[in-house]
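Written below as structure tokens is the structure these notes are about.
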Amino acid sequence: MADYDVIVIGAGPGGYVCAIRCAQLGLKTACVEGRETLGGTCLNIGCIPSKALLHASELYHAAGHDFPKMGLKVEKPSFDWPGVQAYKQSTVDGNTKGIEFLFKKNKIDWLKGWGAITAPGEVKVGDAVHKAKSIIIATGSEPSALKGVEVDEKVIVTSTGALALGAVPKRLAVIGAGVIGLELGSVYARLGSEVTVVEFLDQITPGMDLEVCKALQKSLAKQGLTFILGAAVQGATKGGKGVTVDYRLRKDDSAGSVEADVVLVATGRRPYVAGLGLEAVGVEMTERGQIRTDAHWRTNVSGIYAIGDAIAGPMLAHKAEDEGMAVAETIAGRHGHVNYGVIPGVIYTSPEVASVGETEESLKAAGRAYRVGKFPFMGNARAKSYLMGDGFVKMLADKETDRILGCHIIGPQAGELIAEVCVAMEFGAAAEDVARTCHAHPTCSEAVREAALACGDGAIHA
């Protein structure tokens with residue numbers, strides 16, 4: 001008899017959710033985690049602490065800029081950076097302790113340490129070898145390295161160091177205009193940093209709807225972020241007065257540089273699989289360094305599965321969670337499923353950006369006929385009362401069937417509003433279905449309905 005039915009390696013969103021679901025389905029489960037706390041990158045040094053800083057900086061900015069417009073009188077706002085950091089840490093602690101409670105509640109053994117697969121069905125943690133019928137790799141990802149830029153997590157930092165700077169830098173250079181770079185860049189811009197974003201491509205947030213990208217860049221530029229696009233970073237040199245980031249513009253190969261006190265390297269992430277012993281047991285990898293899996297998250301080695309950032313697909317916590325639940329159900333003899341066409345993405349800047357499904361660019365490339373329904377938040381009463389009338393909802397529907405193919409939102413509560421569209425798409429709804437559904441007034445969600453109406457005979461308030 002095996003020690004366990006399932007051993008999950010990694011306690012991030014994919015791993016801990018998978019372990020809980022396995023236990024709920026009656027499988028004797030253990031989870032391997034070497035950190036002092038559960039929750040992985042997301043809860044400890046990623047999604048959760050960054051959202052705490054985003055929230056605090058947004059309120060600080062509102063106190064200084066929006067309160068007077070509302071007739072609210074306060075002294076000139078200031079912030080206590082150690083206090084902000086303490087608030088961030090309290091948010092992290094509350095969440096990680098919650099996961100530990102859930103493990104105890106579901107009778108999941110936490111195998112503390114770093115795990116390695118020594119043979120099919122065997123995981124070594126420290127000096128102990130544990131046996132399991134099934135092993136699930138959920139080890140997540142780590143920041144990608146950039147040639148010529150040596151990270152020290154003090155003045156040249158990844159997202160990990162950027163969340164725990166000793167002080168707000170006067171000048172911050174961000175390499176990479178993806179989600180992480182823009183979110184953290186906007187935090188420090190609101191707190192007074194001069195932020196310059198250097199991006200290799202000719203647009204920010206690669207892969208997102210181009211119209212939304214342009215609107216977001218315009219909004220962030222108004223907030224003080226400077227963008228240098230189409231620039232290939234050559235290196236970063238530390239000196240007595242900070243760091244110099246050298247780059248060359250791709251259009252003409254001209255050279256340029258940015259002077260900064262801190263440089264944030266936000267050029268993406270790569271699977272974290274070091275030390276797992278995958279090569280020794282024969283687990284196949286892709287050319288991009290991901291673990292190769294089939295449609296049921298199985299590797300080529302019997303009894304070994306993989307999910308989350310370690311395999312192909314978007315590196316999103318909720319994608320990993322869905323895969324974690326699905327693989328647990330598969331192992332338990334049920335039918336696990338993930339609809340990869342309905343996985344939302346959110347950028348937690350201000351304004352927020354959220355998207356799901358196809359973009360106009362992808363539909364054009366596929367030659368698919370579609371309709372566009374757009375509605376500006378300036379026509380939404382609730383958004384205007386928030387002083388957040390910028391932005392819009394953009395819904396894409398099949399020209400013949402009216403089935404919703406995608407939706408893109410830039411504006412207040414975008415990350416919450418997109419969930420309605422995800423549910424609609426999961427059930428194969430038409431834009432008319434959303435348009436004919438009563439939405440409470442006044443809410444920002446009415447903008448989604450108006451965009452759906454715009455796919456047909458037209459929006460009411462635009």
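Within the stretch 337-360, residues that are without any contact (Cβ under 8 Å) to a residue 60 or more places away in the chain sit with their Cβ atoms under 8 Å from residues that are acidic (D, E), at 6+ positions apart or across chains, in these pairs: V338/D322; V338/E323; I343/D322. Just checking, how many residues over the stretch 432-451 are open to solvent by less than 50 Å² (accessible area, probe 1.4 Å) and closer than 14 Å to N380 by Cα? Number of matching residues: 9. Taken over the stretch 63-78, the residue count meeting the criterion of being in a loop (DSSP other than H, G, I, E, B), out of contact with any Leu (no Cβ under 6 Å at 6 or more places or on another chain), at negative phi and not β-branched (V, I, T) is 7.
One line per residue, one yes/no per condition, for (1) hydrophobic (A, V, I, L, M, F, W, C); (2) farther than 23 Å from S219 by Cα; (3) not in a helix (DSSP H, G or I):
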| residue | (1), (2), (3) |
| --- | --- |
| I410 | yes, no, yes |
| A419 | yes, yes, no |
| C422 | yes, yes, no |
| M425 | yes, yes, no |
| G428 | no, yes, yes |
| P442 | no, yes, yes |
| V448 | yes, no, no |
| L453 | yes, yes, no |
| A459 | yes, yes, yes |
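Scanning the stretch 363-381 for residues that are part of a helix (DSSP H, G or I) and closer than 26 Å to A221 by Cβ, which turns out least open to solvent (accessible area, probe 1.4 Å)? Restricting to residues being part of a helix (DSSP H, G or I) and closer than 26 Å to A221 by Cβ, the top hit is F377. Taken over the stretch 206-241, the criterion of being in a strand (DSSP E or B) and among the small types (G, A, S) is satisfied by A231, A232, G235, A236, G239. Taken as a whole, the condition of being assigned to a strand (DSSP E or B) and open to solvent by less than 20 Å² (accessible area, probe 1.4 Å) applies to A397.
Of a type outside the set (A, V, I, L, M), within 30 Å of E284 (Cα to Cα), touching a residue at least 60 places away in the same chain (Cβ under 8 Å) and open to solvent by 50 Å² or more (accessible area, probe 1.4 Å): is that true of T118 in this structure? When the stated conditions are applied, T118 passes them. Taking K76, is it exposed (fewer than 13 other Cβ atoms within 10 Å of the Cβ), more than 30 Å from A332 (Cα to Cα) and modelled with pLDDT of 95 or more? No.
This table checks each residue for (1) on the phi > 0 side of the Ramachandran plot; (2) of a type outside the set (A, V, I, L, M); (3) touching an Asp or Glu at 6+ places or on another chain (Cβ under 6 Å); (4) assigned to a strand (DSSP E or B).
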{"position": "I136", "(1), (2), (3), (4)": "no, no, no, yes"}
{"position": "K154", "(1), (2), (3), (4)": "no, yes, no, no"}
{"position": "T160", "(1), (2), (3), (4)": "no, yes, no, no"}
{"position": "A164", "(1), (2), (3), (4)": "no, no, no, no"}
{"position": "E183", "(1), (2), (3), (4)": "no, yes, no, no"}
{"position": "G192", "(1), (2), (3), (4)": "yes, yes, no, no"}
{"position": "T196", "(1), (2), (3), (4)": "no, yes, no, yes"}
{"position": "D202", "(1), (2), (3), (4)": "no, yes, no, no"}
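The criterion of at least 1 residues that are touching a residue at least 12 places away in the same chain (Cβ under 8 Å) and more than 24 Å from V157 (Cα to Cα) is met, among strands (runs of 3 or more DSSP E) falling completely within the stretch 242-318, by 304-306. Of the residues making up the stretch 1-44, those that are small (G, A, S), crowded, with 24+ Cβ neighbours inside 10 Å and not in a strand (DSSP E or B) are G10, A11, G12, G14, G15, A19, G39, G40. Note on the stretch 166-179: among residues that are under 22 Å from the mean Cα position of the chain (by Cα) and in a strand (DSSP E or B), the one that is farthest from G268 (Cα to Cα) is L172. Any residue in the stretch 50-59 that is modelled with pLDDT of 95 or more, within 23 Å of P143 (Cα to Cα) and in contact with a Lys or Arg (Cβ under 8 Å, 6 or more places away or on another chain)? The answer is yes; a qualifying residue exists. Looking across the stretch 452-461 at every residue that is among the aliphatic types (A, V, I, L, M) and either in contact with a Lys or Arg (Cβ under 6 Å, 6 or more places away or on another chain) or crowded, with 17+ Cβ neighbours inside 10 Å (or both), the one that is nearest to M395 (Cα to Cα) is identified as A452. In the stretch 319-336, the qualifying residues are those that are in contact (Cβ under 8 Å) with a residue 24 or more places away in the chain and of a type in the set (G, A, S), and the one that is most open to solvent (accessible area, probe 1.4 Å) is A332. Would you confirm whether or not the stretch 337-357 contains a residue that is small (G, A, S), in a loop (DSSP other than H, G, I, E, B) and open to solvent by less than 30 Å² (accessible area, probe 1.4 Å)? No, the conditions are met nowhere in the stretch 337-357.
Restricting S141, S159, S90 to those that are surrounded by fewer than 18 Cβ atoms within 10 Å (Cβ to Cβ), within 22 Å of E36 (Cβ to Cβ) and in contact with a helix residue (DSSP H, G or I) (Cβ under 9 Å, 6 or more places away or on another chain) reduces the list to S90. So, K88, is that one in contact (Cβ under 8 Å) with a residue 40 or more places away in the chain and more than 22 Å from V157 (Cβ to Cβ) or not? No: the conditions fail for K88. Report yes if some residue within the stretch 399-417 is of a type in the set (S, T, N, Q) and more than 23 Å from I460 (Cα to Cα); otherwise report no. No, the stretch 399-417 has no match at all.
Is it the case that the stretch 255-271 has a residue that's surrounded by 15 or more Cβ atoms within 10 Å (Cβ to Cβ) and farther than 26 Å from E194 by Cα? Yes: one or more hits.
The values are calculated or read from the model by the stated rules, or taken from the named source; none is laboratory data. From a predicted model like this one, the values you see are computed outputs, not experimental measurements. With ideal geometry, Cβ positions are generated from the backbone for all residues, glycine too; neighbour counts draw on all protein chains shown. SASA here: full protein model, heavy atoms, side chains in, ligands and nucleic acids out. Shrake-Rupley method; radii C 1.70, N 1.55, O 1.52, S 1.80 Å.
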